[in-house]
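Working notes for the structure below.
Rule-based calculations on the coordinates, nothing more; no lab input. None of the values given here were measured: they were computed from a predicted structure.
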Amino acid sequence: MTVRRKPGTARAGTKNRGTATRPARKGSGPRCGLCGKAGKLMRTECCEQWICDDEDTYVIFSYARNSCSRNHRRYTLCGYHSVEEHSGDWRECQQCRKDIETEMYVYYGTNDYNFVKLENPPSYEPTRCKKCGAVIRLAEDAYTMKGAGYYCERCSPVPW
Ligand SMILES: [Zn+2]
Ligand SMILES: [Zn+2]
Ligand SMILES: [Zn+2]
Ligand SMILES: [Zn+2]
């Protein structure tokens with residue numbers, strides 16, 4: 001009895017030791033501090049960090065969040081603080097703290113549009129739907145405000 005090995009299987013395994021695409025560490029040119037891209041960059045007005053100069057890609061009223069510079073300016077305390085022309089460091093700014101609802105304050109201070117995140121964000125009670133009591137994450141969920149109350153998507157009146 002002869003054991004016959006299938007021929008032709010021995011050719012596998014040309015070791016492909018990682019593609020050598022890593023650039024040879026030359027001139028660590030500036031990269032966007034948020035997404036890491038090294039394209040068209042600018043410095044943020046608020047904190048002088050490199051960021052994608054991509055605001056012109058934003059489609060007005062689209063609410064898309066694909067512009068680094070816009071995201072940083074609109075959705076962070078750093079940006080807000082600067083736009084509102086407060087003084088001092090945003091992390092210590094009482095004005096910001098007072099102006100912005102705690103839940104949003106924490107979101108603005110800790111989301112991924114920040115270069116530096118708020119170290120000790122204050123705690124807050126979750127926002128609840130006034131009608132059904134469901135927790136509403138103000139930064140992510142759809143909701144409506146009526147008077148002083150928040151209404152979750154399900155309990156919101158259908159817009160005509
Ligand atoms: Zn970017
Ligand atoms: Zn900034
Ligand atoms: Zn401020
Ligand atoms: Zn509800």
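Less than 18 Å apart at the alpha-carbon level, and either on another chain or at least 8 residues along: which aspartates and glutamates does that give for K37?
Within the straight-line limit of under 18 Å, K37 reaches these aspartates and glutamates: E48, D53, D54, E55, D56, D112.
Taking 0.36 nm per residue of separation and subtracting the Cα-Cα distance, what length does fully extending F115 through H86 add? The partial results should precede the final answer.
Details: separation 29, 0.36 × 29 = 10.44 nm, distance 1.87 nm.
Full extension of this stretch gives 8.6 nm more.
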